[in-house]
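Peer 1: Got a structure here, written out as structure tokens. Questions coming.
All of the numbers you see were taken from the coordinates with simple rules; none came from a lab. Note that this is a predicted model, so its numbers are computed, not measured. FYI the Cβ positions are ideal-geometry reconstructions off the backbone, even for glycines, and counts take in every protein chain you see.
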Amino acid sequence: MEKLINEFLIEIKKGKKYSTLSDEIIVEEIKEYLRKNNRVIKIDKQSVKEIRSKLHRLYSSYLRGKKNRRVKLLEELKKSPGNVEIIEKILSTAVSTKERLQYYNEIYKEIFEITGKPKTIIDLGAGINPVSYIYMKEVGINSLSYYSYDIDISDINFLNDYFQIMKTQGLNGKAQILNVRNLEEISNLPSSDIIFMFKLIDLINTNNHKPGEELIKNLSLKTKYIVVSFSTNTISGKPMNLPRRKGFELMLERVNLKFKVLKIPGEVFYVINR
Ligand SMILES: C[S@@+](CC[C@H](N)C(=O)[O-])C[C@H]1O[C@@H](n2cnc3c(N)ncnc32)[C@H](O)[C@@H]1O
């Protein structure tokens, strides 16, 4: 079994799009595929195609990303750290940060009014959200430790280069690989004032709501506040009729967590604490 999984892993990673994705995430999908298709006992093209297509469905909008462009922009930022125009261009290379661009000031102001000004933030499934630090600066945060986690090594390398540049701006950051489904790794996270999970829960609750619930229960023991967000647009980009997540709210109540709801166009935020 191990040998077969490894053969699949090597074959899947030959596709450029999947080459920087964390092995753990790919192996998870291979195992699930083999569980559901227990007649597959050797590697075949159709299975590779189906696993890749599932990975594409789950991680596509980030895999697609404009990675070359953002590396060039980072070179420009090196010459002018903290330059808002360049930072906005970098944030515009990913879908969720682009959609939030106009509202970062507003949402950070409202979040920190509830949580107080943080000294340490953890960002899970961060994408390139740490690049939005300048908007935190605009609402009075002048120095911050920022631990950022995701599952794609090219994103991690990009962020570590960005953090290096931003040291002069009071940002002390580090990016690492971490799969949020792995609760053992979650239990080893450093302590923090706030944990962000923007637009992540829907990606890990693909079969049922359990992984998200377990994750939030574990995180609530490690931090003062958790901020979770969900998109309020449908796949076709239209606003949803019911933007609040009733099922999610009921789950929070069931596990005795308190929350406040904040909204910007296209996104709803839950500021959660014990
Ligand atoms: C929709 S994007 C949101 C990015 C960022 N949080 C934002 O809102 O700007 C989801 C992110 O979660 C990451 N992700 C998906 N599954 C993950 C997992 N199991 N563990 C850690 N990160 C994950 C993806 O790689 C992607 O960067």
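Peer 1: Going by amide H atoms built from the backbone, whose H comes under 5 Å of the H on Thr93, apart from near neighbours?
Peer 2: Residues meeting the criterion, in which the H sits 1.01 Å from N, do not exist here.
Peer 1: A follow-up question, please. Full-extension gain between Leu9 and Arg181, please, as 0.36 nm times their residue separation minus the C-alpha to C-alpha distance.
Peer 2: Here the segment from Leu9 to Arg181 would lengthen by 60.0 nm.
Peer 1: Using a simple charge model, +1 on the beta-carbon of Lys and Arg, -1 on the beta-carbon of Asp and Glu, nothing else, what dipole does segment 2-61 show about its Cα centre, in debye to the nearest 20?
Peer 2: Computed charge dipole of segment 2-61: roughly 300 debye.
Peer 1: Just report the Cα centroid separation between segment 10-83 and segment 138-152, whole Å.
Peer 2: Comparing the Cα centres of segment 10-83 and segment 138-152, I get a distance of 25 Å.
Peer 1: I need the phi-derived Karplus couplings for segment 178-190: 6.51 cos²θ - 1.76 cosθ + 1.60, θ = phi - 60°, integer Hz, Gly and Pro marked x.
Peer 2: My calculation for segment 178-190 gives 7, 8, 5, 6, 8, 5, 5, 5, 4, 5, 8, 5, x Hz in order.
Peer 1: Only Cα pairs within less than 10 Å get springs; with that Gaussian network setup on the chain, which residue of Thr97, Thr206, Thr20 has the largest fluctuation?
Peer 2: Thr206
Peer 1: Let me ask you something else. Rounded to the nearest 500 deg cm²/dmol, what is the calculated helix-only ellipticity per residue at 222 nm for the chain, with -39500 (n - 2.57) per DSSP H run of length n ≥ 4?
Peer 2: -14500 deg cm²/dmol
Peer 1: Let me ask something additional. Comparing Arg39, Arg57, Arg254, which has the greatest mean-square fluctuation in the GNM of the chain with Cα pairs linked when under 10 Å apart?
Peer 2: Top of the fluctuation ranking is Arg39.
Peer 1: Using alpha-carbon pairs under 8 Å, 6+ residues apart, how would you state the relative contact order of the chain in percent?
Peer 2: Relative CO of the chain lands at 14 percent.
Peer 1: Please give the net charge around Ile122, taking every other residue with its beta carbon less than 10 angstrom from that of Ile122, where Lys and Arg add +1 and Asp and Glu add -1.
Peer 2: Around Ile122, the surrounding residues sum to -1.
Peer 1: Nearest 10 degrees, 0 to 90: what angle lies between the long axis of helix 210-220 and the longest principal axis of the chain (Cα atoms)?
Peer 2: Value to nearest ten degrees: 40.
Peer 1: At 0.36 nm per residue, minus the direct Cα-Cα distance, what do Glu106 and Thr206 gain on full extension? Give it in nm, one decimal, please.
Peer 2: Working it through step by step, the gained length comes to 32.9 nm.
Peer 1: Can I ask one more? Between Leu55, Leu144, Leu73, where does the largest GNM mean-square fluctuation fall for the chain, given springs only between Cα atoms within less than 10 Å?
Peer 2: With Cα springs under 10 Å in the chain, the top fluctuation among Leu55, Leu144, Leu73 is at Leu73.
Peer 1: Net charge around Val271, counting only other residues with Cβ within less than 11 Å of its Cβ (Lys, Arg = +1; Asp, Glu = -1)?
Peer 2: Local charge sum for Val271: +1.
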